[in-house]
Amino acid sequence: MQPNLTDNILELVRLAATDLPEDVEKTLQKSRNEEEEGSAAQGALDTILKNVAMARENSTPICQDTGTPIFYVSYPEGWSTRKLSRQIQDAVIQATEKTYLRPNSVNTLTGKNTGDNSGDEHYPSIYFEEVDGDEVKIDLMLKGGGCENVSTQYKLPDSGLGAGRDLDGVRKVALEAVAKAQGKGCAPGVLGIAIGGDRGSSYAASKEALRRQLDDTNPDPVLAELEERITGQANQLDIGPMGFHGKTTLLGTKVKNLHRLPACYFVSIAYMCWAYRRRRMVYANGAVSYQ
Ligand code: SF4
């Protein structure tokens, strides 16, 4: 019989909201050490790191905006996605009661907040994928509103930016998106970029790109080089942590390549703020572990 994972998912939500992943914290620390001693940029990163440590210690949210909960669930054949959805929704409501999450779900027509992060069938966001094997994996990303507002999509060619239908065009629009996010997206950020697809699949894939570890390398050497180049050039824009100038505007860039129609060349950019909250839960052989 399919187990009830509600309590385990509640713990997943707590971890995501209060305990920043190790790869993100390490990158923030490395960036802090590379900023000029005593600079405003270094001070901003010190404050961010102090906040991260306090949130972990006190089990309180890393940021006041606990974001949109986005779940990616891979499950073996025979599991009920309807039951899993219900368990996820229940866990999110309980996490809100325990103040791991802020009540963020608002009816768009009436403006009324449901008060417990319940919503329609699209809130929270849940994506399912049936896979081989026996494991259930649930990845959770909390995506803040400020950084979501500066996420964007381009259609190449873009004559205004001189961006053609090639990787240099992708680079140009990515840097334009970073410049436009200045003062709004809570830098240093991470870019999830999708190249190709239709408008919808491209936007979805740009968020999926953010599921990678910050310190991994794209297995495609062409995309790996593009990721390095975008991050390196963005870090020369002198926007810096929370806009205080400095060397750290982006912590990383992750690019995903999709097939596309010959007529279309979309570039979608998911901008993630420094509060890059994502966690994984694995259920295997009756036991649960967290990453
Ligand atoms: S963009 Fe990120 S760090 Fe800034 S307020 Fe929103 S969740 Fe918090």
Amide proton proximity set for Lys256, modelled H, under 5 Å, gap of 5+: Ile193, Ala194, Ile195
Listed residues Val150, Val13, Val136, most fluctuating in the chain (Gaussian network, C-alpha, under 10 Å): Val136
Length released on extending from Ser159 to Gln213, taking residue separation times 0.36 nm less the Cα-Cα span: 16.1 nm
Taking θ = phi - 60°, what integer Hz values does the Karplus form 6.51 cos²θ - 1.76 cosθ + 1.60 yield along segment 280-291, in sequence order, with x for Gly and Pro? 10, 10, 10, 10, 8, 6, x, 10, 10, 10, 10, 10
Amide H proximity to Ala187 below 5 Å, modelled H, separation 5+ or other chain, gives Met242, Gly243
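Taking 0.36 nm per residue of sequence separation and subtracting the Cα-Cα distance, how much length would be gained by fully extending the chain between Arg86 and Met1, in nm to one decimal? Display every interim value, and only then the final one.
Details: separation 85, 0.36 × 85 = 30.60 nm, distance 1.61 nm.
Contour length minus Cα-Cα distance gives 29.0 nm.
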Dipole magnitude of the chain about its Cα centre (Cβ charges: Lys, Arg +1; Asp, Glu -1), debye to nearest 20: 640
Round to the nearest 10 and give me the degree value, 0 to 90, for the angle of helix 81-97's Cα axis relative to the longest principal axis of the chain. 80
Round to a whole angstrom and tell me the spacing of the C-alpha centers of segment 272-289 and segment 190-269. 22
Using alpha-carbon positions, what is the distance between the centroids of segment 64-83 and segment 46-61, in Å? 26
Pull the list of the chain cysteines that no other Cys approaches to under 4.7 Å, Cβ to Cβ. Cys63, Cys264
Inter-label distance, nm, simple model (7 Å from Cα along the C-beta direction), Glu34/Leu261: 4.1
Apply the Karplus parameterisation 6.51 cos²θ - 1.76 cosθ + 1.60, with θ equal to phi minus 60°, to every residue of segment 140-156 and state each ³J(HN,Hα) to the nearest whole Hz, in sequence, with x for glycine and proline. 10, 10, 9, 10, x, x, x, 6, 5, 5, 9, 5, 7, 9, 10, 10, 8
Taking the Cα atoms only, what angle lies between the long axis of helix 221-234 and the longest principal axis of the chain, rounded to 10 degrees? 70
Proximal aspartates and glutamates to Lys50, defined as alpha-carbon separation beneath 12 angstrom and excluding residues fewer than eight positions away on the same chain: Glu25
On Cα atoms only, tilt of 40-58 relative to the major axis of the chain in degrees: 10
Amide H neighbours of Ser125 under 5 Å, counting only residues 5+ apart in sequence or on other chains, H built in-plane at 1.01 Å? Phe71
GNM of the chain, Cα pairs under 10 angstrom: of Lys143, Lys112, Lys184, the biggest fluctuation goes to Lys112
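One-quarter of the Cα convex hull surface for segment 158-291, in nm²?
Numbers: hull surface 38.2 nm².
The directionally averaged projection comes out at 9.5 nm².
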Could you give me the ³J(HN,Hα) list for segment 14-19, computed from phi with Karplus coefficients 6.51, -1.76, 1.60 and θ = phi - 60°, whole Hz, x at Gly and Pro? 4, 4, 4, 7, 10, 10
Suppose the Debye formula is applied to equal point scatterers at every Cα of the chain; what is log10 I(q)/I(0) at q = 0.07 Å⁻¹? -0.27
Using Cα positions and a limit of under 26 Å, work out the lysines in reach of Lys180, with same-chain residues fewer than 8 apart set aside. Lys30, Lys143, Lys155, Lys172, Lys207, Lys247, Lys254, Lys256
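Could you tell me the relative contact order of the chain? Use alpha-carbon pairs under 8 Å, at least six residues apart, and round to a whole percent. List each step's numbers first, then the result.
Working: 583 pairs, mean separation 71.7, N = 291.
Relative contact order, the chain: 25 percent.
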Once every DSSP H run of n ≥ 4 in the chain is given -39500 (n - 2.57) and the sum is divided by its residues, what mean residue ellipticity at 222 nm do you get, rounded to the nearest 500 deg cm²/dmol? -11500 deg cm²/dmol
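Any read-out appearing in this document is the output of simple, stated calculations on the displayed coordinates, not a laboratory observation. Just so you know, these numbers come straight off a predicted model, no measurement behind them. Cβ atoms come from the backbone with ideal geometry, glycine included; neighbour counts cover every protein chain shown.
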